[in-house]
Amino acid sequence: MVKDQIKSDRDSALAVSIHDVSPLTRQGVEMMLSDLRGVGIAATSLLVVPDHHHQGEAGRDAGFMDWLRTCEGQGHEIVLHGFYHLREARGGLVQRLVTEHYTAGEGEFYDLAYEEARRRLARGREMLAAFDVTGFIAPAWLLGAEAESAVRDEGFAYTTRLGGVLDLRSGERTASQSLVYSVRSAWRRRMSLAWNSYLAAKLRANPLARLGLHPPDWRHEKIKAHALRLAREFSARRVIRYRDWVGA
Ligand SMILES: [Zn+2]
């Protein structure tokens with residue numbers, strides 16, 4: 001079947017990802033998974049940060065690793081998501097503005113040099129060696145050219161950006177803008193609700209719909225309710241993990 005010929009909801013897919021999974025966010029993520037199960041989403045891609053903000057080294061937290069194993073056993077996918085999830089401030093004024101405003105300082109792999117990217121990817125892989133990890137997704141989806149080469153050379157099968165999914169083995173791209181909320185301020189939350197309603201309507205024609213969630217989304221009732229409503233609507237599709245989409 002050609003991927004862009006949708007015959008029914010079951011011919012199209014939904015991928016839900018939860019970003020920023022770490023010992024620091026585990027409790028919130030458990031709530032999210034429970035709520036998602038309630039609307040028919042039993043499998044997600046869990047984006048794990050190995051040492052979240054230098055404060056949450058996953059590998060040293062046996063309880064967290066056990067919980068992650070349980071999640072994987074239930075059908076969730078473990079995806080590597082940066083290493084520290086922090087972009088060190090560097091460079092001139094424009095660079096600093098990008099760091100501080102556009103990504104709120106989270107774009108760790110945005111302009112990382114090849115060798116450093118490779119080093120962090122290898123350390124992350126090692127920390128998650130107990131899991132079947134085939135994907136890497138950069139914090140804030142910001143993956144620079146050198147870092148992308150490092151991800152490919154490190155043997156990851158796929159990555160995603162805000163605008164789509166990239167199979168790193170074949171080079172095949174699937175265009176599909178991810179639904180994602182920005183909750184850092186009241187106006188951003190209002191804009192997010194309007195934008196995601198608009199985008200969700202557009203995505204009905206796309207064979208792949210993507211919903212990217214972050215733990216802070218669940219601190220805002222309207223955002224949470226909106227996300228769960230969209231998840232329920234799209235769950236008439238095949239609910240997949242990203243690895244299923246690329247067959248990895
Ligand atoms: Zn993230």
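The values are calculated or read from the model by the stated rules, or taken from the named source; none is laboratory data. Keep in mind that what you see is a predicted model, and the values were worked out from it rather than measured. Because the Cβ atoms are built from the backbone with ideal geometry, glycine has one as well, and the counts that use them run over all protein chains shown. These accessible areas exclude ligands, DNA and RNA; they are computed on the full protein's heavy atoms, side chains included. Shrake-Rupley method; radii C 1.70, N 1.55, O 1.52, S 1.80 Å.
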Handout entry: Among residues of region 168-217, those that are part of a strand (DSSP E or B) and open to solvent by less than 20 Å² (accessible area, probe 1.4 Å), counted
Key = 7
Practice task
For region 138-154, state whether one or more residues are open to solvent by 20 Å² or more (accessible area, probe 1.4 Å), modelled with pLDDT of 95 or more and within 16 Å of the ligand (Cβ to nearest atom).
Solution key: no
Practice task
Filter region 173-188 for residues that are more than 12 Å from the chain's Cα centre (by Cα) and in contact (Cβ under 8 Å) with a residue 40 or more places away in the chain and give the result.
Solution key: THR174, TYR181, VAL183, ARG184
Exercise for the section: Output the number of residues of region 166-196 satisfying the condition of being among the acidic types (Asp, Glu) and closer than 18 Å to HIS214 by Cβ. Expected result: 0
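For every residue, the table says whether it meets (1) surrounded by fewer than 16 Cβ atoms within 10 Å (Cβ to Cβ); (2) on the phi > 0 side of the Ramachandran plot; (3) assigned to a loop (DSSP other than H, G, I, E, B).
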residue	(1), (2), (3)
ILE41	no, no, yes
LEU47	no, no, no
HIS53	yes, yes, no
PHE64	no, no, no
LEU68	no, no, no
CYS71	no, no, no
